[in-house]
Amino acid sequence: MLLPGLVDGHTVLEHSDVRAIARPGPFHMWLRAVLGYTRGWDGERWMRSAHRGVQDALRHGVTTVVDSVVRGPAVPAAGRAGLRGHSLVQVMMVDITEHDAVLEAVRTSLSRPANGRTIGVAPHSPYTLGTGVLQALGALARELGRPLQIRAAESNAEIAAIRQGDGPLVDLATEAGLDVEWAPDGVGKGAVGYLDSLDLLAPGTSVVHGVWADLAEARMLARAGVPVVCCPRANAMLQVGEAPLERFAEAGTPLALGTGSAAAAGDADLLADAAAWARVARNRELVLWPSPSAGPISLEEAAVRLATVDGARALGLGDIAGVLEPGRPADMVGVAIDTTPGSVYRDLVERGPGRQVLTVLGGLRKSRRKDPDIPWPELEEWKDM
């Protein structure tokens with residue numbers, strides 16, 4: 001089965017080597033583990049991890065990524081490989097005391113060449129940044145016309161932190177010495193409502209997760225044309241709950257799919273996230289999905305479209321990704337399954353994950369194996385290409 005190269009709406013390519021900690025557990029403990037695991041990494045270790053993240057994406061048929069960049073080497077790694085999409089400068093654990101220096105550093109990063117990729121901004125989340133810093137990053141992205149992506153409403157602990165100013169994520173900010181405006185009393189709003197109050201929900205912005213968005217917030221996102229990037233496998237691993245897909249369907253909120261950090265999902269298999277999304281949709285008692293381009297369709301077809309054409313369009317990447325047709329970039333993934341025209345979407349979702357055998361990017365073969373039942377070789381050590 002050939003289909004368009006997959007569009008991963010939220011990755012952290014530099015976290016590929018953190019996959020060792022991908023196991024079920026509370027979100028706030030996982031976040032501490034990631035920070036601790038990577039604390040001693042030097043530049044070469046970050047580069048090796050980024051290189052393996054790119055390899056893993058290509059093996060799984062991903063040809064377009066919206067990538068949160070923690071340290072920097074993922075930008076040249078993705079560019080050399082020819083991956084399409086955005087590289088977003090991640091900003092995390094910053095308060096008012098570092099506001100000016102960090103904004104200047106981000107502005108400098110946005111001016112650097114990126115080998116065909118668009119450089120944007122990824123404020124990590126409402127609970128890891130001061131209010132003024134978050135607003136300033138949004139204003140900078142708008143000023144320069146760059147994409148902005150924010151993790152929001154990911155966990156109940158986040159809602160407790162932002163709404164009421166308490167819980168384990170407040171403890172994390174306090175231990176880091178952050179002087180953040182939303183603590184200690186909270187802002188009396190959910191995470192998405194908080195972003196809306198800061199004028200951050202606008203074209204060019206995407207929100208990742210949205211697990212704890214209520215219906216009013218789903219409508220806020222829909223009115224603003226802000227897509228939610230769903231990461232169902234990561235959400236399950238971190239025990240934060242299921243995305244409220246019935247609310248997004250009712251509100252008309254645009255959606256895309258993402259794998260997130262390999263430290264949570266374990267790999268870059270976006271087809272596995274498509275399968276997990278369809279399971280969540282069934283769990284939320286949905287029968288059909290209101291695709292913006294195809295009308296009411298099966299959950300399995302919707303999942304495949306979110307990984308390709310509909311996800312690309314939601315993220316503003318519809319001109320360069322998600323479709324196979326004359327005149328488009330020759331980005332393709334081959335999946336080895338037995339199927340029929342009448343069952344192809346169901347078969348892709350139910351049996352396609354892990355059976356990618358061919359990835360073509362811009363007409364060039366980037367990965368290939370003859371037999372999907374034979375594991376890929378170990379990911380190569382990084383070397384200067």
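So here's what we get for this one:
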quantity: Inter-residue pairs, beta-carbon under 7 Å, first at positive phi and in the range 58-82, second open to solvent by less than 20 Å² (accessible area, probe 1.4 Å) and in a strand (DSSP E or B), 6+ apart; calculated: Gly61/Leu6; Gly61/Val333; Gly61/Gln356; Gly61/Thr359; Gly82/Leu361
quantity: Filter result (in contact (Cβ under 8 Å) with a residue 60 or more places away in the chain and under 25 Å from Leu103 (Cβ atoms)) within the range 159-172; calculated: Leu169, Leu172
quantity: Criterion violated by Thr118 - all others in (1) open to solvent by less than 30 Å² (accessible area, probe 1.4 Å); (2) polar (S, T, N, Q); (3) within 21 Å of Ala202 (Cβ to Cβ) satisfied; calculated: (1)
quantity: Checklist (1) over 29 Å from Ala160 (Cβ atoms); (2) at pLDDT below 95 applied to Met332, failing item; calculated: (2)
quantity: Yes/no for Val335 being within 22 Å of the chain's Cα centre (by Cα), hydrophobic (A, V, I, L, M, F, W, C) and either open to solvent by 30 Å² or more (accessible area, probe 1.4 Å) or over 30 Å from Gly145 (Cα atoms) (or both); calculated: no
quantity: Total residues in the range 179-222, condition open to solvent by 30 Å² or more (accessible area, probe 1.4 Å), in contact with an Asp or Glu (Cβ under 8 Å, 6 or more places away or on another chain) and aliphatic (A, V, I, L, M); calculated: 2
quantity: Given (1) part of a loop (DSSP other than H, G, I, E, B); (2) crowded, with 19+ Cβ neighbours inside 10 Å; (3) not aromatic (Phe, Trp, Tyr), number of the condition Arg151 does not satisfy; calculated: (1)
quantity: Listing of helices (runs of 4 or more DSSP H) fully contained in the range 242-323 that carry 3 or more residues being under 18 Å from Gly225 (Cβ atoms) and open to solvent by 10 Å² or more (accessible area, probe 1.4 Å); calculated: 245-251, 309-314
quantity: Qualifying residues in the range 338-381 (those that are part of a loop (DSSP other than H, G, I, E, B), in contact (Cβ under 8 Å) with a residue 40 or more places away in the chain and out of contact with any strand residue (DSSP E or B) (no Cβ under 6 Å at 6 or more places or on another chain)) - the one surrounded by the fewest Cβ atoms within 10 Å (Cβ to Cβ); calculated: Glu381
quantity: Evaluation of Thr174 against (1) outside any helix (DSSP H, G or I); (2) among the polar types (S, T, N, Q); (3) open to solvent by 30 Å² or more (accessible area, probe 1.4 Å) (one fails), failing number; calculated: (1)
quantity: Extreme residue, farthest from Ile162 (Cα to Cα), among residues of the range 98-138 that are without any contact (Cβ under 8 Å) to a residue 24 or more places away in the chain and among the aliphatic types (A, V, I, L, M); calculated: Ala105
quantity: Test: residue in the range 154-170 that is hydroxyl-bearing (Ser, Thr, Tyr) and either surrounded by fewer than 24 Cβ atoms within 10 Å (Cβ to Cβ) or not in a loop (DSSP other than H, G, I, E, B) (or both); calculated: no
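Residue-by-condition table, conditions (1) buried (at least 21 other Cβ atoms within 10 Å of the Cβ); (2) more than 20 Å from Arg368 (Cα to Cα):
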position: Pro4; (1), (2): yes, no
position: Arg39; (1), (2): no, yes
position: Arg45; (1), (2): no, yes
position: Ala57; (1), (2): yes, no
position: Leu88; (1), (2): yes, yes
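The values are calculated or read from the model by the stated rules, or taken from the named source; none is laboratory data. Owing to the predicted nature of the structure, the values given are computational and were not obtained by experimental measurement. Please note: Cβ atoms are built from the backbone with ideal geometry, for glycine as well, and neighbour counts cover all protein chains shown. Heads up: the accessible areas ignore ligands, DNA and RNA and are worked out on the full protein's heavy atoms, side chains in. Shrake-Rupley method; radii C 1.70, N 1.55, O 1.52, S 1.80 Å.
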